[in-house]
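The values are calculated or read from the model by the stated rules, or taken from the named source; none is laboratory data. In this text the structure is predicted, and so the values were computed from the model without any measurement. Every residue, glycine among them, receives a Cβ derived from its backbone with ideal geometry; neighbour counts consider all protein chains shown. Quick note on the areas: whole protein, heavy atoms, side chains included, nothing else; ligands and nucleic acids left out. Shrake-Rupley method; radii C 1.70, N 1.55, O 1.52, S 1.80 Å.
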Amino acid sequence: MFWISAVVFAVVVGLLVASIRRGRRDHDPEIDRSEAPWGEPFIAIAGVAVPALILLGVYVFSLSEMNALQAAGSKPAMTVEVSARDWWWEARYPNGAVTANEIHIPIGVPVRLDLTTRDVIHSFWVPRLQVKTDNIPGRHNYMWIQADRAGRYRGFCAEFCGLQHTNMNFWIVAEPQAEFDAWLDDQVADVTEAALALDGAEIFLSSSCAGCHALRGTTAVGLAGPDLTHLAARETLAGVLPNTRSSLEQFIRDPQSVKPGIAMPPAELTADELRAVV
């Protein structure tokens, strides 16, 4: 399709250049140009017949490619539920693992994605792996992706969804099967007391944070925001900031400065409380 478009583009530019040169050469104020010769065979052929044939060919080619893309993922290795929100992505795995804005997959096998949304229409798109598919309220759409090489593949929302559409980014992290299995086993584990900074945990669980976020193994079971059980294992925060201490402090203190319009309000914590939570 790229090369077809390149040829059409070259021909159109050539015609434009030729018409400009001819117009300059043939300019004569005494010639009556009030009636354009729309009936010329050239106009009918080059302006109607040829574009119609090209568009029809591209359409047929696109249908065959889309069918091939759909059929290739008929036997996926696993299914991941991907739910779009304003403005982040949640991924749930069959074993109960939950993550946000980072979707891990094993390399070399097709992975089926069950696409839903909690609010407006979004569109899941990883340009290097697959065509885009809409996330539509009240409907389950499906697609599959496969990465043949390990790496991080950037994804986007391809449907204008609202104020933070441009920052609704995510990453597909493709890794060898053994590394993926180890990551998946780790992600399904609950937090333990040894892994918690106890003062910060007490503040978190007694504040409004626990009303929107979940920490598996604790009383925090909120569903409005991302599951934070294994937040430290993610490379980004909200898909836009590096996952560092200073970034986390900024996001908790004033999330609107990072993603204006998101549902999360500023946290009413003292400086000491904020450090403990982080």
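What angle do you read, to the nearest 10 degrees and between 0 and 90, between the alpha-carbon axis of helix 2-25 and the longest principal axis of the chain? Taking Cα atoms only, the helix is inclined about 40 degrees. Expressed in Å, the radius of gyration and Dmax of the Cα atoms of segment 28-160 are 22.9, 82.
Hey, with R₀ at 22 Å, roughly what FRET efficiency would Val17 and Ser62 work out to, going by the Cβ-Cβ distance, to 0.05?
0.15
Across all directions, the average flat footprint of the convex hull enclosing the Cα atoms of segment 126-278 is 10.3 nm².
Computed per residue of the chain from DSSP H runs no shorter than four, each worth -39500 (n - 2.57), the mean residue ellipticity at 222 nm is -10000 deg cm²/dmol.
Against the chain, whose longest principal axis comes from its Cα atoms, helix 177-187 is set at around 50 degrees.
Within the listed set Leu63, Leu115, Leu184, the residue fluctuating most in the Gaussian network model of the chain (springs between alpha-carbon atoms under 10 angstrom) is Leu63. Between Trp87, Trp171, Trp183, the GNM of the chain built on Cα springs shorter than 10 angstrom shows Trp183 fluctuating the most. From the largest down, segment 128-211 spans 46, 38, 24 angstrom on the principal axes of its Cα atoms.
For Leu55, Leu215, Leu15, give the ranking by accessible area with the largest first, probe 1.4 Å.
Numbers: Leu55 120, Leu215 25, Leu15 85 Å².
Descending accessible area places them as Leu55, Leu15, Leu215.
Rounded to the nearest Å, what's the spacing between the alpha carbon centres of segment 226-262 and segment 148-177? Just the number, please. About 16 Å separates the Cα centre of segment 226-262 from the one of segment 148-177.
Counting only DSSP beta bridges whose two residues both lie in the chain, roughly 70 percent are antiparallel.
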